[in-house]
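Just below is one structure, and these are the notes that go with it.
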There are 2 protein chains.
Amino acid sequence: MLKRQPKARIAVLVSGGGTNLQALIDAERAGKIRNGKIELVLSSNPEAYALERAKNAAIPALTVSRKEHPDDFEAKIVEALEAYSIDLIVLAGFLSILSEDFTRRYDRRILNVHPSLIPAFCGKGYYGLRVHEAALARGVRLTGATVHFVNEIPDGGEIIMQKAVAVREGDDAKTLQRRVMEEAEWKILPASVEKVSAMMRRSGVTVR
Amino acid sequence: MLKRQPKARIAVLVSGGGTNLQALIDAERAGKIRNGKIELVLSSNPEAYALERAKNAAIPALTVSRKEHPDDFEAKIVEALEAYSIDLIVLAGFLSILSEDFTRRYDRRILNVHPSLIPAFCGKGYYGLRVHEAALARGVRLTGATVHFVNEIPDGGEIIMQKAVAVREGDDAKTLQRRVMEEAEWKILPASVEKVSAMMRRSGVTVR
């Protein structure tokens, strides 16, 4: 009998509330992520509520803060990723910018979710509420979210999935941000993680 | 009894095959444009098949070519629009760029349909197949179409409607262009014309 490739081992990198992490945990629990398993949550912020979510889901969680590791922040992250034999890194509200060395090392192994339909409202300066403020200022009727591989260009990597969300009359940046999360990010991020995990598993690029 | 405002009088400006014109004619016939009426088709190209479509629908049609009117092209267009007391101008594959004088004169009275989700793949140089080539080159999973008011900035005016269209595996610029027309342009252009006609009628800005 053919030996089956193991599931892709996933690390989720967070800095804050961790709603996208929760969407991933829920999707895995619901059997929607079948080819990967969240093995590690890594926070850049010791106060992140995402760490609670990891604990509640019995997922190992670590903090690597830039403040405590001003000179070896990324080295510490790599150390943790290697200790857990991570195949796939998911940025889920991770606020630190990763170096080109890092993104090259994990080429096509880092996923990010961005709250717009790339190439609209993305790149330098477009993060958090600013993305939605810009969309409202331009008066778009459709916005959405994009999951993409991370490379050295901000929001410039290959696109995996996109989902559109309608802007409603009376929306402000906060209501729009929330709806883009609910209707798009929390759906396409788990679906993309499953898609990439399945690709990795099929092509045998998982670490073990 | 209150006297009802007349329907908005619509001119459709074309240069080619006129599939978007046909979508408008069909929508009017189907009762989906109730607050406006196509009164004039104006072509910049005497060979445009759109002129046939106008004739078949018994809509007055004129040609104003830049070649024959190198110095007074826009003046001739204005003359025709005024002769027909036009309220709303729809650019439907009209290949000539209109001057700032023209767009100011008809401020919020010119609609254009662009085959992408503005602000993606729009502005100078993005027309026809080039728009879809650019979308495919970037690898987007969603594209679509946008109807907007025309102002002095190319594709820069207020957005009226947008509709998303999924890019499929194996799409080339031509298959994508066709699907964006069928699934988005031919739907949101008539719907936008009806919306703006209704706004004009309600606010009493139609000419008569």
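For the range A:91-131, heavy-atom accessible area (probe 1.4 Å) falls by no less than 50 Å² from the chain alone to the full protein assembly at A:PRO119.
Across all C-alpha atoms in the range B:55-127, the radius of gyration and Dmax reach 13.9, 37 Å. Of the residues making up the range A:132-147, those losing 20 Å² or more of accessible area when the isolated chain is joined by the remaining protein chains, with a 1.4 Å probe, are A:ARG138, A:VAL140, A:ARG141, A:LEU142.
In Å², rounded to the nearest 100, what is the total accessible surface buried by chains A and B against each other with a 1.4 Å probe?
1500 Å²
Kindly give Rg over Rh for the range B:95-208, based on alpha-carbon atoms, with the Kirkwood expression for the hydrodynamic radius.
My calculation puts Rg/Rh at 1.02.
Among beta bridges identified by DSSP and lying wholly in the range A:75-190, the antiparallel ones come to about 80 percent.
Each stretch of four or more DSSP H residues adds -39500 (n - 2.57); spread over every residue of the protein assembly as shown, this sum gives -10000 deg cm²/dmol at 222 nm.
Quote the Stokes-Einstein diffusion coefficient, in whole µm² s⁻¹, for the range B:154-208, based on the Kirkwood radius over alpha carbon pairs, a temperature of 37 °C and a viscosity of 0.692 mPa s.
245 µm²/s
How far, in degrees from 0 to 90, does helix B:186-203 lean away from the longest principal axis of the Cα atoms of chain B, to the nearest 10? Relative to chain B, helix B:186-203 is tipped by roughly 30 degrees. Note on the range B:1-68: the alpha carbon radius of gyration divided by the globular reference 2.2 N^0.38 Å gives 1.22. Projecting 7 Å from Cα along the Cα-to-Cβ direction, the label point of A:ARG130 sits 3.0 nm from its equivalents in the other copies, listed shortest first. Between the range A:132-183 and the range B:122-144, the alpha-carbon centres lie 18 Å apart. Average the reciprocal distances over every distinct pair of alpha-carbons in the protein assembly as shown, invert the result, and give the Kirkwood radius in Å. That comes to 23.9 Å for the protein assembly as shown.
Once both labels are positioned 7 Å from their Cα atoms along Cα-to-Cβ, the gap between B:ALA166 and A:ARG104 label points is 3.7 nm.
Compute the angle between helix A:129-138 and the longest alpha-carbon principal axis of chain A, please, reported from 0 to 90 degrees and rounded to the nearest 10. Its long axis makes an angle of about 40 degrees.
Taking all protein chains as they are arranged and a probe of 1.4 Å, the heavy atoms of B:LEU129 leave approximately 50 Å² accessible to solvent. Here B:ARG29 and A:ARG29 are evaluated by their C-beta separation; at R0 = 51 Å the FRET efficiency comes out at 0.45.
Normalised by the number of residues in the range A:1-149, the average gap of Cα pairs under 8 Å and 6 or more apart makes the relative contact order 23 percent.
Three semi-axes describe the equivalent ellipsoid of the range B:15-54; taken as square roots of 5 times the Cα gyration tensor eigenvalues and ordered largest first, they are 20, 10, 6 Å. Considering only B:GLY93, B:GLY36, B:GLY125, the mean-square fluctuation computed in a Gaussian network model of chain B, springs between alpha carbons under 10 angstrom, is largest for B:GLY125.
Rolling a 1.4 Å probe over the protein heavy atoms gives chain A an accessible area of 49 Å² per residue.
Of all the options A:LEU98, A:LEU81, A:LEU189, the one that moves most in a Gaussian network model of chain A with Cα springs shorter than 10 angstrom is A:LEU98.
Counting only alpha carbon atoms, the long axis of helix B:19-29 and the longest principal axis of chain B meet at about 50°. How large, in percent, is the carbon and sulfur part of the accessible surface of the range A:1-142 at a probe radius of 1.4 Å? Whole-percent figure for carbon plus sulfur exposure: 48. Gain on full extension, evaluated as 0.36 nm per residue between B:TYR49 and B:LYS67 minus their Cα-Cα distance, stands at 4.6 nm. For chain A, a Gaussian network of Cα nodes joined below 10 Å ranks A:ARG108, A:ARG66, A:ARG138 by mean-square fluctuation, and the top entry is A:ARG138. Antiparallel beta bridges, as assigned by DSSP with both residues in the protein assembly as shown, represent about 40 percent of the total such bridges. Looking at chain B alone, DSSP beta bridges between its own residues are antiparallel in about 40 percent of cases. Taken along its three principal axes, the alpha carbon spread of chain A comes to 55, 45, 33 Å, from the longest extent down to the shortest.
The values are calculated or read from the model by the stated rules, or taken from the named source; none is laboratory data. Owing to the predicted nature of the structure, the values given are computational and were not obtained by experimental measurement. Cβ coordinates were reconstructed from backbone atoms using ideal geometry, including for glycine residues, and neighbour counts include every protein chain displayed. Surface accessibility is based on the protein's heavy atoms, side chains included, excluding ligands, DNA and RNA. Shrake-Rupley method; radii C 1.70, N 1.55, O 1.52, S 1.80 Å.
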